[in-house]
Amino acid sequence: MQDLIRFVRTTGIYLVGNVLIKIISFLLLPIYTKYLPPASYGTYDLNTAYITFLSSILFLDIWGGILRFMFDYKKEAEKANVVKAGCVIFTISTLVYSIAVILLGSIMGIEYKCWLLLFGLLTNIQQVMGFVSRGYGKNKMFALAGVLSSCITIICNIWFIVVMKGSYQFLYISSCIGAMTGIIIMGRAVKLTHILKYKRLDVSLLKAMVVYSLPLSINSAAYWFLSSFNKVLIRYKLSVAENGLYAIANKFTGIISLFTQCFQMAWQELTFSKANKSKAEMAAFYTTAFQEYIEFMTLGCTGIIPCVKIFFPLLVDASYLNAEPLIPVAILAALFSCVSSFLGSILSTLKKNRSIFTTTLAGSIVNVFIAVIAMNFMGVQAANIALALGYLVIDIRRFLLIKKYVYIKVNWKLLVALFFQVLFSCKIYFSFNLFYNGIFIVLLCCEAIIIYKDKIKMFYTGRGNL
């Protein structure tokens with residue numbers, strides 16, 4: 001019960017730190033879609049995908065390694081050694097990254113490559129600082145930094161895009177300004193300069209972190225072929241404008257990503273803390289967590305689909321209306337993605353990072369194969385279908401691998417029922433008008449109240465007994 005309360009409380013902190021800003025950002029879609037044509041937004045999204053790919057390979061996903069190793073120590077000095085080793089690795093990666101962006105940007109003729117370089121670098125520094133803050137347990141400061149960083153980014157975007165009528169390069173500039181805000185806040189909170197003065201560098205720890213993080217980096221590169229390859233394929237098989245539609249459609253999956261990200265951060269910390277428990281304890285814990293997570297996320301996705309049907313015309317400019325049919329399948333892909341992240345954290349806790357890579361690679365191959373073939377006759381929708389099937393393959397493989405080390409009992413009847421409920425929601429989205437979608441939302445709310453009333457009561461009762 002204490003684990004549940006701790007988990008819910010941590011999730012709540014992350015949620016409060018992100019939800020209001022994400023909602024505001026989401027409500028700014030009418031502005032972005034009005035002032036930036038699909039071709040411009042598509043180019044911005046494509047260039048961001050390139051930067052993500054380079055970052056995945058060159059930065060070794062070191063932020064994840066820093067957090068994992070920080071949880072192995074209790075003393076501040078020991079944690080500081082982890083941070084210092086991580087910063088050394090990050091600095092070396094930064095040098096290689098900068099050279100790569102300048103060279104490849106020049107060869108590919110990418111506009112605003114200097115801003116793109118800075119955008120990627122500051123985003124990654126903010127990522128590192130966020131994981132360090134969490135490693136020190138400064139979750140509230142992490143959430144506050146996220147709020148202020150996002151606020152600054154949004155304000156700058158409105159100023160540059162709406163007031164100054166700027167082009168898409170100001171999306172990078174605004175993000176850089178926002179990231180700097182977050183970096184400064186978290187850097188002061190964890191006293192980064194003080195941390196870096198601790199002792200001399202622990203070379204053996206540095207090597208261990210590289211060994212741990214390298215598979216994660218390769219996994220991130222493989223993951224790029226799931227999350228971003230389709231954008232490049234759309235650009236070259238269809239058009240930049242079509243990629244803009246694809247990008248806007250996937251903006252709506254950000255609602256799911258918001259809750260998943262908050263859940264995942266809290267779950268990551270909790271599951272790392274369970275690393276030294278007995279197999280029986282881990283099995284009981286993961287069985288409960290898996291069922292609750294699947295049930296909550298599936299019900300949430302089922303409800304989001306009809307909500308999008310109602311609010312899409314209010315949020316998106318008419319030039320992006322062709323993105324509407326893409327959204328339900330994109331949400332289904334996002335659901336499978338959430339499950340893969342959940343299972344990936346369990347594998348990471350078990351230190352089976354090689355399995356994370358092999359499963360991601362399998363899903364990436366499925367995604368690339370289906371997208372390349374199907375896009376010729378299905379257009380942009382092929383990207384979402386391929387993505388959903390790719391993540392489904394990952395989910396199945398990871399679940400089977402985890403069962404080799406920890407037994408997780410699954411209620412298959414409930415799982416199948418929830419999946420068909422999502423498909424039914426998609427059917428209503430495509431086949432019925434706004435009224436019937438609204439009725440379906442009301443029914444889902446009633447279902448959620450029935451399912452969770454006892455859990456909510458139990459949570460508040462348990463909280464009061466602490």
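The values are calculated or read from the model by the stated rules, or taken from the named source; none is laboratory data. Everything numeric in this text was worked out from a predicted model, so none of it was measured. No Cβ is skipped: glycine too gets one built from the backbone with ideal geometry, and neighbour counts run over all protein chains shown.
From the list 181, 193, the one residue that fits, being assigned by TED's automatic domain parsing to the domain that holds residue 132, closer than 12 Å to residue 83 by Cα, part of a helix (DSSP H, G or I) and not aromatic (Phe, Trp, Tyr), is 193. Looking at the stretch 297-320, I want the residues that are closer than 18 Å to residue 438 by Cα and have a partner that is surrounded by 17 or more Cβ atoms within 10 Å (Cβ to Cβ) and aromatic (Phe, Trp, Tyr) with Cβ atoms under 7 Å, at least 6 apart or on another chain. Which pairs are those? Going by the 7 Å Cβ cut-off, the qualifying pairs are 300/259; 305/429; 306/429; 306/440; 308/252; 309/429.
Just to be sure before I move on: is residue 14 assigned to a helix (DSSP H, G or I) and modelled with pLDDT of 80 or more in the structure I sent? No; evaluated as a whole, the condition is false for this residue.
Here's the yes/no breakdown for (1) touching a Leu at 6+ places or on another chain (Cβ under 8 Å); (2) charged (D, E, K, R):
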site	(1), (2)
52	no, no
58	no, no
62	no, no
70	no, no
75	no, yes
84	yes, yes
87	yes, no
96	yes, no
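Set side by side, the residues 107, 177, 125, 152 differ, and just one is β-branched (Val, Ile, Thr) and either at pLDDT below 90 or under 19 Å from residue 43 (Cβ atoms) (or both), which is 107.
Do we have residue 318 as hydrophobic (A, V, I, L, M, F, W, C) and buried (at least 20 other Cβ atoms within 10 Å of the Cβ) here?
No; evaluated as a whole, the condition is false for this residue.
Look at (1) closer than 23 Å to residue 82 by Cα; (2) crowded, with 20+ Cβ neighbours inside 10 Å and you find that residue 175 fails only one, number (1).
Quick one: count up the residues across the stretch 58-104 that are over 23 Å from residue 215 (Cβ atoms) and modelled with pLDDT of 90 or more. Residues flagged as over 23 Å from residue 215 (Cβ atoms) and modelled with pLDDT of 90 or more within the stretch 58-104 amount to 6. Assigned to a helix (DSSP H, G or I) and within 23 Å of residue 227 (Cβ to Cβ): is that true of residue 100 in this structure? For residue 100, the condition - assigned to a helix (DSSP H, G or I) and within 23 Å of residue 227 (Cβ to Cβ) - is met.
What about residue 150, is it among the polar types (S, T, N, Q), assigned to a helix (DSSP H, G or I) and either within 24 Å of residue 115 (Cβ to Cβ) or not assigned by TED's automatic domain parsing to the domain that holds residue 62 (or both)?
yes
Checking the structure you have, find out if any residue of the stretch 369-380 is aromatic (Phe, Trp, Tyr), part of a helix (DSSP H, G or I) and free of Cβ contacts under 8 Å to residues at least 40 places away in the same chain. Looking for residues that are aromatic (Phe, Trp, Tyr), part of a helix (DSSP H, G or I) and free of Cβ contacts under 8 Å to residues at least 40 places away in the same chain, one finds at least one in the stretch 369-380, hence yes.
For every residue, the table says whether it meets (1) acidic (Asp, Glu); (2) surrounded by 16 or more Cβ atoms within 10 Å (Cβ to Cβ); (3) within 19 Å of the chain's Cα centre (by Cα).
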residue	(1), (2), (3)
126	no, yes, yes
132	no, yes, yes
140	no, no, no
159	no, no, no
171	no, yes, no
188	no, no, no
197	no, no, no
205	no, yes, no
208	no, yes, no
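Counting the residues of the stretch 220-253 that are within 15 Å of the chain's Cα centre (by Cα) and of a type in the set (D, E, K, R) gives 1. Hey, could you check the stretch 99-115 for residues that are among the aliphatic types (A, V, I, L, M) and surrounded by fewer than 21 Cβ atoms within 10 Å (Cβ to Cβ) and say which is farthest from the chain's Cα centre (by Cα)? So, considering only residues that are among the aliphatic types (A, V, I, L, M) and surrounded by fewer than 21 Cβ atoms within 10 Å (Cβ to Cβ), the one farthest from the chain's Cα centre (by Cα) is 107. Each residue in the stretch 73-97 was checked for being surrounded by 14 or more Cβ atoms within 10 Å (Cβ to Cβ) and either not in a helix (DSSP H, G or I) or not assigned by TED's automatic domain parsing to the domain that holds residue 47 (or both), and 1 pass.
Within the stretch 265-300, track down each residue that is within 20 Å of residue 405 (Cα to Cα), of a type in the set (Gly, Ala, Ser) and modelled with pLDDT of 65 or more. 280, 283, 284, 289, listed by residue number. Taken residue by residue, the stretch 46-53 has no member that is of a type outside the set (Phe, Trp, Tyr), under 20 Å from the mean Cα position of the chain (by Cα) and modelled with pLDDT under 85. Pairing each residue of the stretch 397-413 that is in a loop (DSSP other than H, G, I, E, B) with any residue that is at pLDDT 85 or above, provided the two are 6+ apart or on different chains, yields C-beta distances under 7 Å for 408/402.
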